[in-house]
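*Asks:* Pasting a structure below so you can have a look.
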Amino acid sequence: AQRVTQPEKLLSVFKGAPVELKCNYSYSGSPELFWYVQYSRQRLQLLLRHISRESIKGFTADLNKGETSFHLKKPFAQEEDSAMYYCALLTGSSNTGKLIFGQGTTLQVKP
Amino acid sequence: NAGVTQTPKFQVLKTGQSMTLQCAQDMNHNSMYWYRQDPGMGLRLIYYSASEGTTDKGEVPNGYNVSRLNKREFSLRLESAAPSQTSVYFCAHTGDSTEAFFGQGTRLTVV
């Protein structure tokens with residue numbers, strides 16, 4: 001079965017603390033994974049994808065195929081990072097695949 | 001507008017009424033999606049369309065129908081609305097880059 005699991009509904013940290021949002025996936029093929037973010041009153045938007053291996057707004061995520069995980073990390077959280085974060089899995093081909101999401105984690109960064 | 005127009009923004013229906021949510025994209029992408037967003041449930045895929053003229057069920061298709069008459073438009077229809085369909089609905093599309101672009105959402109209340 002194809003599935004994305006985000007075990008934490010809410011993660012609350014203080015400004016400057018490290019952040020790790022967990023994501024695990026289940027997929028028999030070669031996964032393509034993403035993190036999307038939804039800031040208050042804004043559209044859902046792409047934060048980063050594993051194939052790019054890039055750091056966006058200080059966030060990084062490494063695909064661990066052995067543990068089937070794609071956790072999102074940031075060493076020092078900022079108040080503007082407060083948002084809803086979704087992990088997503090693209091199944092099938094890049095142009096015609098199916099995009100499924102996890103349950104989402106609300107990150108709350110306190111001053 | 002992320003290349004996608006979703007209408008309406010808000011809608012209140014009585015139980016048993018029908019309505020169609022419209023989505024149009026101008027990026028010439030093949031894949032289009034309809035999701036519903038509920039607290040604690042994340043984004044759940046209702047239907048998706050990998051190309052013009054094709055549609056497939058997602059995780060929660062019951063009570064919905066879709067239509068992909070051309071490459072640009074993908075509509076979602078509720079034939080007989082139920083209170084359980086109260087939700088925020090999002091349309092999205094993806095192309096070769098695999099980045100998903102989302103509409104602004106439709107907040108639907110069924111009373």
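The values are calculated or read from the model by the stated rules, or taken from the named source; none is laboratory data. No experiment lies behind these values; they were computed from the predicted model shown. For neighbour counting, all protein chains shown are included, and Cβ atoms are generated from backbone atoms with ideal geometry for every residue, glycine included. Note: accessible area is taken over every heavy atom of the protein model, side chains too, but ligands, DNA and RNA are not part of it. Shrake-Rupley method; radii C 1.70, N 1.55, O 1.52, S 1.80 Å.
*Asks:* Over 19 Å from B:His93 (Cα atoms), touching a residue at least 12 places away in the same chain (Cβ under 8 Å) and over 16 Å from the mean Cα position of the chain (by Cα): does that describe A:Ser40? Explain how you work it out, then say what you get.
*Replies:* On the way: over 19 Å from B:His93 (Cα atoms): yes; touching a residue at least 12 places away in the same chain (Cβ under 8 Å): yes; over 16 Å from the mean Cα position of the chain (by Cα): yes.
Spelling it out, A:Ser40 is indeed over 19 Å from B:His93 (Cα atoms), touching a residue at least 12 places away in the same chain (Cβ under 8 Å) and over 16 Å from the mean Cα position of the chain (by Cα).
*Asks:* Restricting to segment B:38-49, what's the tally of residues that are open to solvent by less than 40 Å² (accessible area, probe 1.4 Å), under 14 Å from the mean Cα position of the chain (by Cα) and at the interface with chain A (Cβ under 8 Å from one of its Cβ atoms)?
*Replies:* Here the count works out to 3.
*Asks:* Kindly provide the set of residues from segment A:1-27 that are hydrophobic (A, V, I, L, M, F, W, C), over 15 Å from the mean Cα position of the chain (by Cα) and away from chain B (no Cβ under 14 Å), ordered by number.
*Replies:* So in segment A:1-27, the residues hydrophobic (A, V, I, L, M, F, W, C) come out as A:1, A:4, A:10-11, A:13-14, A:17, A:19, A:21, A:23.
Checking which are over 15 Å from the mean Cα position of the chain (by Cα) leaves us with A:1, A:13-14, A:17.
If the condition is that a residue be hydrophobic (A, V, I, L, M, F, W, C), over 15 Å from the mean Cα position of the chain (by Cα) and away from chain B (no Cβ under 14 Å), then A:Val13, A:Phe14, A:Ala17 are the ones that fit.
*Asks:* Quick one: in segment A:65-107, of everything that is surrounded by fewer than 20 Cβ atoms within 10 Å (Cβ to Cβ) and of a type in the set (Val, Ile, Thr), which residue is farthest from the other protein chains (Cβ to nearest Cβ)?
*Replies:* Out of the qualifying residues, it is A:Thr68.
*Asks:* Evaluate segment A:33-50: report whether one residue or more is β-branched (Val, Ile, Thr), more than 14 Å from chain B (Cβ to nearest Cβ) and outside any loop (DSSP other than H, G, I, E, B).
*Replies:* no
*Asks:* When the residues of segment B:85-111 are filtered to those that are more than 16 Å from the chain's Cα centre (by Cα) and among the polar types (S, T, N, Q), which remaining residue is farthest from the other protein chains (Cβ to nearest Cβ)? Before the answer, list the steps.
*Replies:* Of the residues in segment B:85-111, the ones more than 16 Å from the chain's Cα centre (by Cα) are B:95-99, B:110-111.
Those still in the list that are among the polar types (S, T, N, Q) too: B:97-98.
Values: B:Ser97: 8, B:Thr98: 5 Å.
Among those that are more than 16 Å from the chain's Cα centre (by Cα) and among the polar types (S, T, N, Q), it is B:Ser97.
*Asks:* Still on this structure, I have one more. Taking the criterion of being out of contact with any helix residue (DSSP H, G or I) (no Cβ under 6 Å at 6 or more places or on another chain) and more than 13 Å from A:Thr105 (Cα to Cα), would at least one residue in segment A:5-12 satisfy it?
*Replies:* Applying the first criterion (out of contact with any helix residue (DSSP H, G or I) (no Cβ under 6 Å at 6 or more places or on another chain)) to segment A:5-12 yields A:5-12.
Now narrow it down to the ones that are more than 13 Å from A:Thr105 (Cα to Cα): none.
Scanning segment A:5-12 turns up no residue that is out of contact with any helix residue (DSSP H, G or I) (no Cβ under 6 Å at 6 or more places or on another chain) and more than 13 Å from A:Thr105 (Cα to Cα).
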